[in-house]
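The values are calculated or read from the model by the stated rules, or taken from the named source; none is laboratory data. Worth saying up front: this structure is predicted, and the values here are computed from it rather than measured. Using ideal geometry, Cβ is built from the backbone for each residue, glycine included, and neighbour counts are taken over all protein chains shown.
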4 protein chains.
Amino acid sequence: MAEPENDWPGLAGRIEGERHLLPVRIYFEDTDFTGLVYHASFLRFCERGRSDFVRLLGISHQDLLAGKEDGEPAVFVVRHMEIDFLKPARIDDVIEVVTECAEIGGATLTLKQEVVRGGQVLVCASVKVVLISRSGKPLRVGPLIRSAFERFVNQDH
Amino acid sequence: MAEPENDWPGLAGRIEGERHLLPVRIYFEDTDFTGLVYHASFLRFCERGRSDFVRLLGISHQDLLAGKEDGEPAVFVVRHMEIDFLKPARIDDVIEVVTECAEIGGATLTLKQEVVRGGQVLVCASVKVVLISRSGKPLRVGPLIRSAFERFVNQDH
Amino acid sequence: MAEPENDWPGLAGRIEGERHLLPVRIYFEDTDFTGLVYHASFLRFCERGRSDFVRLLGISHQDLLAGKEDGEPAVFVVRHMEIDFLKPARIDDVIEVVTECAEIGGATLTLKQEVVRGGQVLVCASVKVVLISRSGKPLRVGPLIRSAFERFVNQDH
Amino acid sequence: MAEPENDWPGLAGRIEGERHLLPVRIYFEDTDFTGLVYHASFLRFCERGRSDFVRLLGISHQDLLAGKEDGEPAVFVVRHMEIDFLKPARIDDVIEVVTECAEIGGATLTLKQEVVRGGQVLVCASVKVVLISRSGKPLRVGPLIRSAFERFVNQDH
């Protein structure tokens, strides 16, 4: 059976240098009665960026959960986030989520993310994620994920 | 430790006669750029109504999933829905989700739901839900759920 | 300034014959604790499909709201929906939203939509939308939208 | 016609001393495939807490938008947020959103928010909101909002 991914190149965005880029269209669901994008929608967009960055590095959430990557069944969860909402976005806009890996710790990854539109930064965020087991225990970042991300760690951060 | 439910009576709505009533406040997250409530938000409200109806009948999603009710681990999923969006709702509104059980089949429950505000029907829906196992197999409605709902089946539908 | 759309061809899907196709990736936000896609998420996906179909026909929500299309400021709202949830979707899946225009009435458009994955229909829906003014009054479907959709009306429905 | 608020006392939570408390039930929509509450859902809960705190102080979003409070039409938007996700929440849980006003600036309000369950802090956040005009211009916090919040500013922060 044809893989739908093959029909839609670029669906998971692309990696340019040390950064991952994902385009996001603003739909009804992302906006609120103020006419602007609801603030928590940007966290959803950032999560999509992180998921697709990881995907292009060969790691899937289903495989992590099935324990196929680095052993024990695992999921990524967000532990800490600092986020600036600088400018608004609106219905029909196309924005880009830019993700960089700032730091790989023993059990955490720190990512820098920006939401941009036409060269303007709308939102910027620093996000610390941890890998946890099904029971909630933090797991060490294993060699597979570590080696996948290592070459992307931006030395400037 | 104090159960938070005890501090907030009415949090799960209440049963009046054969109907369950749940109040819902409209927040930013429920609206879109048109200034009105986003249509799919009403499905979320209806799901809250169904969950709290079931809750007041003594059935919890966690227990269903843990297999404590009627045996095998199970979750409710929506199989079919017909929904009329008659009038809009807006930020700050208080609406009520009214849920009745129209029919109990071998493996399905059919519920009639209305979203009302100040006596006006905003949305009405007919929802067929099924109980499925973790592998996706439809399960028969067991005696616990059947007996819980039986007295609520509205003969008029 | 570069238009981000130009960097991401296919972001709004594509029209094939009388149908519009939009790929959608399943992210964390679309799933629930059952491990499956939350039922109301499919309504969000269908709305994205309708928005991008309209977009590829040259109609933008911002222009409708600014009154640039066919006169009075207007927005599309859903009036009626009938939806079957046939099979589940899961995290990381790529699904396609297929949209056809079944009927153009005086003030309504009826669309047939399917969510498919690898040739399998997961969800099918019939959706009646109306164009309303800012005050909530239904508006006649003007010549611009009528002529845009007319050639897509599938005679089989 | 009866006001639905009167039928549901406590729907907007309550003020205890310098803090606002809002109970929130966890439904399907709030969780994701990991079985836990999706991280961005906590931002929605925090926004509900802020909205209901403001509501109990006599300020409604509809009135702000209609320009009935302190003059020019206005909406609250989030400018900055720092958030720690300490412990997970699950389906059926009842959590409480605790909101305090930490600081009133010329054009900003800084709020401290905690999401707690049975005495345990699950999430804590510092949120800076600004009041903006419809065109996006930051507005000074007027006397009505200032005086409403002033007595709640917690001197310990």
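Being closer than 22 Å to C:Ser41 by Cα and either of a type in the set (Phe, Trp, Tyr) or over 11 Å from the mean Cα position of the chain (by Cα) (or both) is a property that A:Glu5 has.
Among the residues of the stretch D:103-123, those identified as in contact with a Leu (Cβ under 7 Å, 6 or more places away or on another chain) and over 13 Å from D:Arg50 (Cα atoms) are D:Ala107, D:Val116, D:Val121, D:Leu122, D:Val123.
The residues in the stretch C:111-138 that are within 14 Å of B:Phe85 (Cα to Cα) and of a type in the set (A, V, I, L, M) can be counted, and the count is 5. Of all the criteria given as (1) out of contact with any His (no Cβ under 8 Å at 6 or more places or on another chain); (2) in contact (Cβ under 8 Å) with a residue 12 or more places away in the chain; (3) not charged (D, E, K, R), the one not satisfied by B:Ala102 is (1).
Only residues that are under 22 Å from A:Pro23 (Cβ atoms) and surrounded by fewer than 18 Cβ atoms within 10 Å (Cβ to Cβ): list them for the stretch A:58-75, please. Within the stretch A:58-75, A:Gly58, A:Ser60 meet the criteria.
Return the residues of the stretch B:31-43 that are touching a strand residue (DSSP E or B) at 6+ places or on another chain (Cβ under 6 Å) and either charged (D, E, K, R) or more than 8 Å from chain A (Cβ to nearest Cβ) (or both); say none if nothing qualifies. Within the stretch B:31-43, B:Asp32, B:Val37, B:His39, B:Phe42 meet the criteria.
The set of residues in the stretch D:55-77 that are within 21 Å of D:Arg151 (Cα to Cα) and in a loop (DSSP other than H, G, I, E, B) comprises D:Leu57, D:Gly58, D:Ile59, D:Ser60, D:Glu69, D:Asp70. Assessment of the stretch B:58-75 against the conditions (out of contact with any Leu (no Cβ under 7 Å at 6 or more places or on another chain), under 25 Å from D:Arg117 (Cβ atoms) and modelled with pLDDT of 95 or more) yields no matching residue.
Take the residues of the stretch B:7-26 that are of a type in the set (Gly, Ala, Ser) and modelled with pLDDT of 95 or more: which is nearest to D:Asn6 (Cα to Cα)?
Within the stretch B:7-26, the first condition is being of a type in the set (Gly, Ala, Ser), and the residues that meet it are B:10, B:12-13, B:17.
Retained after the next criterion (residues that are modelled with pLDDT of 95 or more): B:12-13.
Values: B:Ala12: 16, B:Gly13: 14 Å.
Ranking the qualifying residues of the stretch B:7-26, first place goes to B:Gly13.
When residues in the stretch A:10-30 are screened for being within 7 Å of chain C (Cβ to nearest Cβ) and over 14 Å from A:Asp52 (Cα atoms), 4 of them pass. Among the residues of the stretch B:65-80, those identified as at the interface with another protein chain (Cβ under 10 Å from one of its Cβ atoms) and more than 13 Å from C:Gly35 (Cα to Cα) are B:Val78, B:Arg79, B:His80. Output yes when any residue across the stretch C:1-17 is in contact with a helix residue (DSSP H, G or I) (Cβ under 6 Å, 6 or more places away or on another chain), more than 28 Å from A:Leu64 (Cα to Cα), part of a loop (DSSP other than H, G, I, E, B) and not basic (Lys, Arg), and no when none is. The answer is yes; a qualifying residue exists. Would you please name the residue that is nearest to A:Gly35 (Cα to Cα), looking only at residues in the stretch B:33-54 that are of a type in the set (A, V, I, L, M, F, W, C) and part of a helix (DSSP H, G or I)? My answer is B:Ala40.
Of A:Val98, A:Val37, A:Val78, A:Val94, which residue is at pLDDT 95 or above, crowded, with 23+ Cβ neighbours inside 10 Å and among the β-branched types (Val, Ile, Thr)?
Numbers: A:Val98 fails: crowded, with 23+ Cβ neighbours inside 10 Å; A:Val78 fails: crowded, with 23+ Cβ neighbours inside 10 Å; A:Val94 fails: crowded, with 23+ Cβ neighbours inside 10 Å.
Sole residue among the options that is at pLDDT 95 or above, crowded, with 23+ Cβ neighbours inside 10 Å and among the β-branched types (Val, Ile, Thr): A:Val37.
Taking the criterion of being surrounded by 20 or more Cβ atoms within 10 Å (Cβ to Cβ) and among the small types (Gly, Ala, Ser), the only residue of the stretch C:13-34 that qualifies is C:Gly13. Entry remark, the stretch D:74-97: residues being in contact with a His (Cβ under 7 Å, 6 or more places away or on another chain) and closer than 24 Å to B:Arg48 by Cα number 2 in total. Filter the stretch D:51-64 down to the residues that are within 11 Å of chain A (Cβ to nearest Cβ) and within 13 Å of the chain's Cα centre (by Cα) and list them by number. Matches in the stretch D:51-64: D:His61 only. Going by the conditions given, is A:Glu47 at pLDDT below 90, farther than 13 Å from A:Arg19 by Cα and buried (at least 18 other Cβ atoms within 10 Å of the Cβ)? The answer is no for A:Glu47.
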